[in-house]
Amino acid sequence: MTPVTSPPRGRAAGADGPPDGSGPGLEAEDVQAAFDAAVAADERIEPRDWMPDTYRSTLVRQIAQHAHSEIIGMQPEANWITRAPSLRRKAILMAKVQDEAGHGLYLYGAAETLGTSRDELLDKLHAGRQKYSSIFNYPTLTWADVGAIGWLVDGAAITNQVPLCRCSYGPYARAMVRICKEESFHQRQGYELLLALTRGTEAQRAMAQDAVDRWWWPSLMMFGPPDDESSHSAQSMAWKIKRHSNDELRQRFVDICVPQAEALGVTLPDPELRWNEERGHWDFGAIDWQEFREVLKGNGPCNEQRLHRRRTAHENGAWVREAAAAHAAKHTATHATGHTADHAADRTAADRDDRVEPAAAGPAQPNTAPDTAPDTAPDGAGAPSASRSTRSRA
């Protein structure tokens, strides 16, 4: 890419404060123009760069919703850890749920670079003032649901999130690189699980088909409302936070899933699904957006249960956070004390060296040091050479 020279962007004075004008003569118009030029040139906006308040708030909203979805999304699958059919499946599922917790950690960290604390975000989640993906308000009724979540839900997440690796905000984009790599393993794990079921008994095949029937439409809703009803997509795309519209991503996901469903031997529950030669895409039926809105309002099958368990887990983990904070404070104090003691020892040694006169040149003097060095000898001075040699060998 040809380097693009843009005007100085300035530095942010605070979370939402005015720019500090980190260059002579920089005014609000200058930093706004610099911001616009950086976005247009596909440069990354970093935490200390000036940014519009609306850009910052849009990022906080999106990253917080994403982070909340990761930690709430642990619940449906964790429900099956103790009931996994084999030790191998249990280990895979535990690793996956643990990955989701890590994704939430990366994303909360990215949100904190925007001046919003993790505690504040979690308080809003627990109070119902911030949302998470509606898909996680559906129950996991059978073991096949774990496979359907991996194939469809994580597959939809990858379709939606891979473009975020090129998000205009640096910390979010960098977090997404690792998250997408791990999500790709989750999607393969789900596909492999469903493949094993569809190659199994008649009951296992029926269980796999039932799970696909229940998760297909909620997975299409994951991309958000239609473009003409989305209040955020246009501006997010203009800022290059998003790269594609909701409907574009949804269509891409359908086009990917149709041949995969055929390979699995399952039927997608849409009688209107057919190839459109003119468009070069698969046509699909109408989504029940009323169901989507009801789940968002908190009227889904598991909304209340998900938030109750999240609040309970947060309350039960208070002692862990307090212990970790106390340990960190103790470590910081110990480190500071040790640094001060080391500095004092260095000064003492320097003063002692200044007081010692250099030995006069002449023949070597015999070693008259006693066999045992006095307790007051600093740093082993005066100890027999054999002892020093022994310590070296030890």
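The values are calculated or read from the model by the stated rules, or taken from the named source; none is laboratory data. Fair warning: this is a prediction, and the values are worked out from it, not measured in the lab. Because the Cβ atoms are built from the backbone with ideal geometry, glycine has one as well, and the counts that use them run over all protein chains shown. When the accessible area is computed, the model is the full protein with side chains, heavy atoms only, and any ligands, DNA or RNA have been set aside. Shrake-Rupley method; radii C 1.70, N 1.55, O 1.52, S 1.80 Å.
Here are the numbers:
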| quantity | calculated |
| --- | --- |
| Residue list for region 107-139, filter: over 25 Å from Arg48 (Cβ atoms) and of a type in the set (Val, Ile, Thr) | Ile135 |
| Residue match in region 233-241 (condition: open to solvent by 80 Å² or more (accessible area, probe 1.4 Å), modelled with pLDDT under 95 and of a type outside the set (A, V, I, L, M)) | yes |
| Residue match in region 244-253 (condition: part of a loop (DSSP other than H, G, I, E, B) and under 30 Å from Asp42 (Cα atoms)) | yes |
| Residue in region 38-53 that is open to solvent by 50 Å² or more (accessible area, probe 1.4 Å) and over 28 Å from Leu121 (Cα atoms) present | yes |
| Any hit, region 202-215, residues being in a helix (DSSP H, G or I), touching a Pro at 6+ places or on another chain (Cβ under 9 Å) and either within 30 Å of Ile63 (Cβ to Cβ) or outside the structural domain of Ile71 (by the TED database) (or both) | yes |
| Test: residue in region 244-258 that is among the β-branched types (Val, Ile, Thr) and open to solvent by 40 Å² or more (accessible area, probe 1.4 Å) | yes |
| Residue list for region 280-294, restricted to those being open to solvent by 50 Å² or more (accessible area, probe 1.4 Å) and touching an Asp or Glu at 6+ places or on another chain (Cβ under 7 Å) | His281, Trp282, Phe284 |
| Enumeration of residues in region 295-322 that are free of Cβ contacts under 8 Å to residues at least 12 places away in the same chain and open to solvent by less than 60 Å² (accessible area, probe 1.4 Å) | Thr312, Ala313, Gly317, Ala318 |
| Helices (runs of 4 or more DSSP H) lying entirely in region 122-199 (those with 1 or more residues that are open to solvent by 40 Å² or more (accessible area, probe 1.4 Å)) | 154-161, 170-198 |
| Cβ pairs under 9 Å, 6+ apart, first in region 141-164 and outside the structural domain of Phe185 (by the TED database), second of a type in the set (Lys, Arg) | none |
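Per-residue answers, yes or no, for (1) in contact with a Cys (Cβ under 8 Å, 6 or more places away or on another chain); (2) at pLDDT below 95; (3) basic (Lys, Arg):
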position	(1), (2), (3)
Cys257	no, no, no
Ala261	no, no, no
Arg274	no, no, yes
Ala325	no, yes, no
Ala333	no, yes, no
